[in-house]
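Every number in this text was worked out from the coordinates using simple rules, so none of it is lab data. The model shown is predicted, which means the values in this text are computed figures rather than measured ones. Here the Cβ is made from the backbone with ideal geometry for all residues, glycine too, and neighbour counts use every protein chain on show.
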Amino acid sequence: MIKKFILIFTIKKIPKLSWSSSSELNLKPKIKTFFYLLLGLILFGIGETLLVTAGIGVSPWFVLHQGLSVNTGYSIGLSTLIVGIIVLFFWIPLKQKPGIGTILNTILISIIVDLSLPYLPYPEEFILQLLQSIIGVLIVGLGSGFYLIANLGPGARDGLMIGIQKKTNMSFSLTRTLIELSAIAFGWYLGGIVGIGTVIYALAIGPFVSLGLFFVGKYFK
């Protein structure tokens, strides 16, 4: 039991299922593949929004966007775009390939966040805020499992995770945790605001992505 638990959180390969695309550059995926891609991105967006409405800290990358905005005077939106472009440049030496999932990741998640903000809980008690933050990160991990296994192209951050994992052979869990902690450190140095929710996200997102990959790989064949 313990060995199986450890294996879940040390996954080093994204499962290939019957509905996984054979290539990230597939412009005509199966309906089932596209459905799971959209489902994953919607869950991802809802999870991110739950973290925002919990009110105890935003995601590590948002801290980085804040820090860049503070130092440049650019808006958060423009800072987000700049960081995204920089991360995509890192894909080149890592030999990562974009796809329709890469594009939809940027567009759909932003839409889901905007649409869900008015309807999700805004808890006032700290214990509920803490619980909501953890649930939010868990949902992001589950969404990541669906859309990464669809294999239609990862988002900027997930592509960085996959590329570094392939180069280092570290687990996805450890790779993602190190990336998120680096984003926190750099963002905080630039003046971004770090909260408890930020730390929860940074430490939990790697294991939860691994859990999402395992869960989808086992139960959605």
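When the C-alpha to C-alpha distance is required to be over 20 Å, the pairs from Lys28/Lys218; Lys16/Lys166; Lys3/Lys218 that qualify are Lys28/Lys218. Each 10 Å bin from zero up to the one holding the largest Cα-Cα distance in region 169-212 carries the following percent of pairs: 30, 50, 18, 1.
Going by a ≥ b ≥ c, the root eigenvalues of the Cα gyration tensor, does region 21-102 fall in the rounded group (a/c under 1.5), the prolate group (a/b larger than b/c) or the oblate group? Since a/c reaches 1.5 but b/c is at least a/b, the shape of region 21-102 is classed as oblate. If you take the Cα centroid of region 45-110 and the Cα centroid of region 5-28, the two points sit 23 Å apart. Between Ala185 and Ile103, full extension at 0.36 nm per residue minus the direct alpha carbon distance yields a gain of 26.8 nm.
Protection proxy ranking of 88-95, 77-84, 195-202, 6-13, by the mean of other Cβ atoms within 10 Å over each peptide's residues and highest first, is 195-202, 77-84, 6-13, 88-95. Each Lys and Arg contributes +1 and each Asp and Glu -1, all at the Cβ; summed about the Cα centre of the chain, the dipole is approximately 1280 debye. The distance separating the Cα centre of region 130-167 from that of region 180-218 comes to 10 Å.
Kirkwood-based Rg over Rh for region 79-197 (C-alpha set), two decimals?
0.97
Once divided by 2.2 N^0.38 Å, the Cα radius of gyration of the chain becomes 0.97.
Taking 0.36 nm per residue of separation and subtracting the current Cα-Cα distance, fully stretching the chain between Thr10 and Val70 would add 17.9 nm.
Radius of gyration (Cα atoms) of region 100-163, expressed as a multiple of 2.2 N^0.38 Å: 1.31. Packing, as the average of other Cβ atoms within 10 Å across residues, places the peptides 26-35, 117-126 in the order 26-35, 117-126, highest first. Annotation for Phe35 and Tyr219: the two label points, set 7 Å from Cα along the Cα-Cβ direction, are 1.7 nm apart.
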